[in-house]
Amino acid sequence: MTSVAEATQTVATEYNGWSNRETWVVNLWLSGEPSSYSVLMEAVSMQCPAVDKADWLKERLEWQLNDEIEEACMWRDLLQHAFQQVDWLEIIKANLD
């Protein structure tokens, strides 16, 4: 018999047409805040495969996150977990046009 916890792990997590809420939120902020948008456009305009653009964007924002919250704490752990849920390639592909 499958437990409720196991069953919920397989439920689709789509959110507003995105693969999950974390990806939707990151794209919302990247496309709506001027300094973040410039970082997104820098990634999108790179002359390399989309997967490399996604990796660059993730690394750039991960560096910023770690710089903002230097001390180990519950909030940093929670943010890092949410950060790992983001589909960076989906964000790049959605902003290529």
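The values are calculated or read from the model by the stated rules, or taken from the named source; none is laboratory data. The structure presented is a predicted model; accordingly, all values stated were derived computationally and were not measured. Glycine gets a Cβ as well: all are built from the backbone with ideal geometry, and neighbour counts include every protein chain shown.
Only one entry in Leu61, Leu40, Leu28, Leu57 is of a type in the set (A, V, I, L, M, F, W, C), in a helix (DSSP H, G or I), touching a Ser or Thr at 6+ places or on another chain (Cβ under 7 Å) and at pLDDT 95 or above, namely Leu40.
Within segment 61-89, residues that are under 15 Å from Trp24 (Cα atoms) have Cβ atoms under 9 Å from residues that are of a type in the set (Lys, Arg) in these pairs: Ala82/Arg21; Phe83/Lys58; Gln85/Arg21; Val86/Lys58; Trp88/Lys53; Trp88/Lys58; Leu89/Lys53, counting only partners at least 6 apart in sequence or on another chain. In summary, Leu96 fulfils each of the numbered conditions (1) without any contact (Cβ under 8 Å) to a residue 40 or more places away in the chain; (2) closer than 21 Å to Asn20 by Cα; (3) surrounded by fewer than 11 Cβ atoms within 10 Å (Cβ to Cβ) with the single exception of condition (1). If the requirement is being in a helix (DSSP H, G or I), hydroxyl-bearing (Ser, Thr, Tyr) and modelled with pLDDT under 95, which of these qualifies: Thr8, Thr2, Thr23, Thr13? Of the residues listed, the single one that is in a helix (DSSP H, G or I), hydroxyl-bearing (Ser, Thr, Tyr) and modelled with pLDDT under 95 is Thr8.
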